[in-house]
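Here the structure is laid out as structure tokens; the discussion comes afterwards.
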Amino acid sequence: MAISTSLLTLSCFLLTLSLTLVNVYSKENYYNIKKPFLNKIDSCWRGKPNWSLNRKALADCAIGFGKDAIGGKYGEIYVVNDSSDDPSNPKQGTLRYGAIQTKPLWIIFAKSMVITLENELIMNSYKTIDGRGVKVEIGNGPCITIQGVSHVIIHGIRIHDCKPSNAGLVRSSPDHVGHRHGSDGDAISIFASSNVWIDHCFLASCSDGLIDIIHASTSITISNNYFTQHDKVMLLGHNDRYTADKIMKVTIVFNRFASGLTERMPRVRFGYAHVVNNKYDEWKMYAIGGSANPTILSEGNFFIGPNDQNAKQVTKRGANGNWKNWKWRSSKDVFLNGAYFVPSGYGTCAPNYSPSQSFVAVPAYMVPAITLNAGPLTCFVGISC
């Protein structure tokens with residue numbers, strides 16, 4: 001009798017445990033999972049309370065195609081203490097003065113500030129903009145241009161309400177000031193550049209794109225960012241005739257595509273995009289699109305479809321029937337609320353990372369947890385972020 005009672009008790013316990021696990025891992029509860037651990041980028045540095053004494057360690061934490069972006073790792077610390085802006089003759093202590101220098105610099109901020117640029121901010125090579133420890137906003141004017149340079153890291157800032165700029169003189173280095181024809185109103189424009197890493201930024205509500213990657217830019221990682229309230233989010237590739245974009249390789253990982261987004265998360269032309277472990281909180285038209293025969297691997301993403309029955313499809317191709325040969329794949333993605341992905345093509349479309357760039361995608365059900373802290377982090381000196 002005692003044995004039977006024990007077996008009954010054990011059976012009841014196992015049944016209760018099973019029902020609990022089913023409930024925890026059901027689709028309805030994926031987005032309620034509490035954060036179990038940091039993603040691979042964040043686990044590289046966020047647990048260290050001395051992060052502010054060793055800021056440049058961040059440069060070793062990228063993954064994917066932008067892994068080798070070192071920014072200002074081998075340069076001095078430059079402190080921004082002045083939020084003003086002069087496009088042609090910037091003052092020392094301003095963001096623009098640091099960004100245009102020819103030597104490597106790791107740019108930080110003495111205090112929280114809102115920077116309204118008078119014209120587009122043209123970055124020079126080997127620069128890091130590091131907003132950790134304060135609240136830095138760039139907005140309500142022209143924003144950031146990364147053109148013809150390499151090794152740029154932008155981390156932990158808020159970029160929003162960017163506007164087109166007027167034609168005018170803009171300094172791009174201490175020795176060169178040139179006439180610019182005006183920018184489009186992108187938050188971040190990456191043009192003919194390589195080894196770029198954009199991490200833990202907030203991007204929203206700009207006149208054109210939030211991030212545009214064009215004119216044969218490559219070796220780029222876009223990670224841990226929070227995108228919201230925008231139409232055309234992210235463009236990879238200049239146009240359907242610009243074949244030089246075939247060299248483009250971009251990793252889009254651990255981002256949160258939040259409310260109020262319409263399309264281009266991303267939209268790809270010609271090049272290669274590894275879209276992995278991102279969370280999509282609905283969309284108005286589509287999530288991942290493209291034209292001109294790009295290769296796209298969607299891996300371990302968490303897609304929540306919109307309520308609009310006509311917009312459930314994750315993918316959109318801008319072409320005729322030839323798209324059936326394009327290599328677009330979904331691997332281990334999670335689809336909720338009717339979302340679905342239309343694959344195409346034959347043969348492998350693995351990212352072919354180098355050993356240092358390579359990483360393993362986490363299971364898609366963990367994505368809501370590891371993207372909880374997408375966007376700028378609240379970091380305090382002496383305490384782990």
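Would you pull out the residues with amide H under 5 Å of residue 230's amide H, same chain only if 5 or more places away, H placed 1.01 Å from N?
205, 261, 262
Along the Cα-to-Cβ line of residue 342, 7 Å from the Cα, sits a label point; which residues in the range 308-333 have backbone N less than 17 Å from it?
309-330
So if each residue of separation counts as 0.36 nm, and I subtract the Cα-Cα distance between residue 177 and residue 112, what length gain in nm does that give?
20.5 nm
Under the 0.36 nm per residue contour assumption, what length would be gained going from the current alpha-carbon distance of residue 229 and residue 372 to full extension?
49.7 nm
Which residues' amide hydrogens lie under 5 Å from the amide hydrogen of residue 299, considering only partners 5 or more residues apart or on another chain, with H built in the peptide plane?
275, 276, 277, 331
Using a 10 Å cut-off on Cβ atoms, rank the peptides 225-232, 210-217 from the highest mean neighbour count down.
Packing order, densest peptide first, comes out as 210-217, 225-232.
Please list 3J(HN,Hα) in residue order for the range 348-358, calculated via the Karplus relation 6.51 cos²θ - 1.76 cosθ + 1.60 where θ = phi - 60°; whole Hz, with x for glycine and proline.
After applying 6.51 cos²θ - 1.76 cosθ + 1.60, I find 5, 10, 4, x, 6, 5, 6, x, 6, 7, 5 Hz.
Could you tell me which of rounded, prolate or oblate describes the range 88-235, using a ≥ b ≥ c as the square roots of the eigenvalues of the alpha-carbon gyration tensor, with rounded for a/c under 1.5 and, failing that, prolate when a/b is larger than b/c and oblate otherwise?
Cα axes put the range 88-235 in the rounded bin.
Go ahead and collect, in residue order, the members of the range 94-134 whose backbone nitrogen is under 17 Å from a label point 7 Å along the Cα-Cβ direction of residue 167.
119-120
Where the centroid of each part is defined by its Cα atoms, how far is the range 317-356 from the range 183-227 in Å?
Centre-to-centre (Cα) distance: 22 Å.
Please compute the contact order of the chain in relative form: average sequence separation of alpha-carbon pairs under 8 Å and at least six residues apart, divided by the residue count, as a percent.
For the chain, the relative contact order is 14 percent.
Short version: ³J(HN,Hα) in whole Hz for each residue of the range 58-69, in order, from phi by Karplus 6.51 cos²θ - 1.76 cosθ + 1.60 (θ = phi - 60°), x for Gly and Pro, what are they?
4, 4, 8, 9, 5, 10, x, 5, x, 3, 7, 5
Can you compute the FRET efficiency between residue 356 and residue 102 using 1/(1 + (r/R0)^6), with r the Cβ-Cβ distance and R0 = 30 Å? Round to the nearest 0.05.
Rounded to the nearest 0.05, the efficiency is 0.65.
Quick check on the exposure proxy: order 295, 102 from fewest to most C-beta atoms within 10 angstrom.
Going from sparsest to densest Cβ surroundings: 102, 295.
Report the calculated FRET efficiency for residue 43 and residue 332 (r = Cβ-Cβ distance, R0 = 22 Å), to the nearest 0.05.
Calculated transfer efficiency: 0.60.
Helix-only estimate, please: 222 nm mean residue ellipticity of the chain, summing -39500 (n - 2.57) across DSSP H runs of length 4 or more and dividing by its residues, to the nearest 500.
Mean residue ellipticity at 222 nm (helix-derived): -2500 deg cm²/dmol.
Which angle from 0 to 90°, rounded to the nearest 10, does the C-alpha axis of helix 2-25 make with the longest principal axis of the chain?
Result, in degrees: 30.
About its Cα centre, how strong a charge dipole does the chain have in debye, to the nearest 20, once Lys and Arg get +1 and Asp and Glu get -1 at the Cβ?
720 debye
Can you sort 234, 248 so the residue with the fewest Cβ neighbours within 10 Å comes first?
248, 234
How large is ³J(HN,Hα), in whole Hz, for each residue of the range 46-54 in order, when computed from phi with the Karplus curve 6.51 cos²θ - 1.76 cosθ + 1.60 and θ = phi - 60°, using x for Gly and Pro?
5, x, 9, x, 9, 4, 6, 8, 9
No value in this document is a laboratory result; all are computed from the given coordinates. For clarity, every value in this text was computed on a predicted model and none was experimentally measured. Backbone-built Cβ (ideal geometry, glycine too); neighbour counts: all protein chains shown.
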